[in-house]
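Quick notes on the structure that follows.
The values are calculated or read from the model by the stated rules, or taken from the named source; none is laboratory data. These numbers were taken from a predicted model, which means no experiment stands behind them. Please note: Cβ atoms are built from the backbone with ideal geometry, for glycine as well, and neighbour counts cover all protein chains shown. Heavy atoms of the whole protein, side chains included, go into the accessibility calculation; ligands, DNA and RNA do not. Shrake-Rupley method; radii C 1.70, N 1.55, O 1.52, S 1.80 Å.
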Amino acid sequence: MKPVILLTGKNGQIGAELLRFLPQMGEVVGLDRAHLDLSKPDEISRAIREIRPQIIVNAAAYTAVDQAETDGMMAQAVNGEAPGVMAEEAKKIGAALVHYSTDYIFDGSKKTPYDESDAANPINVYGKTKFAGEQAIRRSGVPHLIFRTAWVYATRGRNFLLTILHLATEREELRIVSDQVGAPTCASDVAAATSRILAGICENSNAAFVLPEASGTYHMSAAGQTTWYEFAQAIVEKAGATSHDLVWLAAATRGRPLIARRVIPISTAEFRCPAQRPASSVLSNSRLFQTFGVALADWNTQLQRCFVSESIGANLLAD
Ligand SMILES: NC(=O)c1ccc[n+]([C@@H]2O[C@H](COP(=O)([O-])OP(=O)(O)OC[C@H]3O[C@@H](n4cnc5c(N)ncnc54)[C@H](OP(=O)(O)O)[C@@H]3O)[C@@H](O)[C@H]2O)c1
């Protein structure tokens, strides 16, 4: 029998992609904020008790990193507390919890990629609340998979890719931070990797959908590393070179030509924003590969896919 999968945040970048893949694995009940507000613990409990899923995939989060600095209570409710409520409810009904976290739980001082055993030390409110959510899940003892990803973008939603494309239609010169290092990761790739892992687990188990030995925290980001500056350069170059008639690209540029001629590197100090960001938050994805045999493509390949096909996730499950 196929499991019932409760998906939260179904309209988010990763949530919307999961909504395309997960139906191959089970019967998906996707909820948005209007139907399940994660800042309200009672709503979470009621939804889980009514739906009685075997798997909960929590793709909802308070992701406005700068806004979280002045809206800490809401960020903490959604990121820090809701995952704990979900975990406790999941445990009561024997469900497993799949949850996403972030590279921003690290302080960015490590010069080599972070692995799962490295100590968290978040330097902004968003990172602190996300780490609190992770800890609440681990404390609960529920079978869980926490996937930490990074620098997420998609061809919809609000993200760096779409911001750069928009700016490139308005400005000849883009000034972009070049001293933060990370791995831009496409939401489709995260959703496809998640779905492959869940499909494998569902095939191999009857009652408990997450094998106890697989329960834990995994890094799940694009391979390779880059800076926001290089990422912006790649976006402008690929958009300029694309010969495809892409609906998402036309929407991002509102059909206007790109006028950006130069991308100029600037320092973090020159680009002031409310939340501090880690200088280097590259994640090592070895544990994910060793445990599940799943590896995400490098960031440049993931980006290239966006400019080749409208439906970037279509073949990812088979990759
Ligand atoms: N974006 C990144 O760069 C990034 C990087 C690393 C890790 N992550 C993690 O990856 C996961 C998915 O992120 P994403 O980029 O897909 O985020 P996203 O596009 O911002 O989507 C988040 C979703 O959560 C929903 N949400 C926010 N507050 C809620 C509430 N109170 N109740 C119910 N739903 C609520 C939003 O609903 P509305 O549409 O109604 O606002 C939205 O659909 C999150 O755990 C995030 O922390 C993201």
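What the table shows:
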item: Euclidean distance of C-alpha centroids, region 21-43 and region 148-178, integer Å; result: 28 Å
item: Sequence-distant aspartates and glutamates (8 or more away, or on other chains) whose Cα lies within less than 20 Å of residue 92; result: 42, 43, 50, 81, 134, 213
item: Net charge of neighbours whose Cβ lies under 14 Å from the Cβ of residue 248, counting Lys and Arg as +1 and Asp and Glu as -1; result: +2
item: Prolate/oblate/rounded label for region 84-171 (Cα gyration tensor, a/c 1.5); result: oblate
item: Residue 279/residue 11 FRET efficiency (R0 30 Å; Cβ-Cβ; nearest 0.05); result: 0.40
item: Summed residue charge, Cβ within 13 Å of residue 234's Cβ, Lys/Arg positive, Asp/Glu negative; result: -1
item: Sequence-distant residues sharing a close amide H with residue 57 (under 5 Å, placed H); result: 6, 7, 8, 98
item: Pairwise label distance in nanometres, residue 118 with residue 158, each label 7 Å out on the Cα-Cβ vector; result: 2.8 nm
item: Protection proxy ranking, peptides 26-35, 280-289, average beta carbon neighbours within 10 Å, highest first; result: 280-289, 26-35
item: Percent RCO, i.e. relative contact order, over region 120-261, from Cα pairs under 8 Å lying at least 6 residues apart; result: 37 percent
item: Where region 28-85 is the region considered: accessible area per residue in Å², 1.4 Å probe; result: 49 Å²
item: For residue 102, residues with placed amide H under 5 Å, excluding near neighbours; result: 149
item: Surface accessible to a 1.4 Å probe, per residue, for the residues of region 104-208, Å²; result: 38 Å²
item: Computed E for residue 243/residue 24 - FRET, C-beta separation, R0 22 angstrom, nearest 0.05; result: 0.10
item: 20 Å reach of a label modelled at residue 290, 7 Å along Cα-to-Cβ, counting backbone N of region 219-233; result: 219-224
item: Cut-off 20 Å (backbone N to label point 7 Å along Cα→Cβ of residue 172), residues of region 264-278; result: 264-266
item: Listed residue pairs exceeding 22 Å between alpha carbons, taken from 110/238; 40/128; 110/130; result: 110/238
item: Under-5 Å amide H pairs with residue 217, H placed in peptide plane, nonlocal only; result: 146
item: Net length gained if the chain between residue 301 and residue 213 were fully extended (0.36 nm per residue, minus Cα distance); result: 28.5 nm
item: The chain - percent of accessible surface contributed by carbon and sulfur, probe 1.4 Å; result: 50 percent
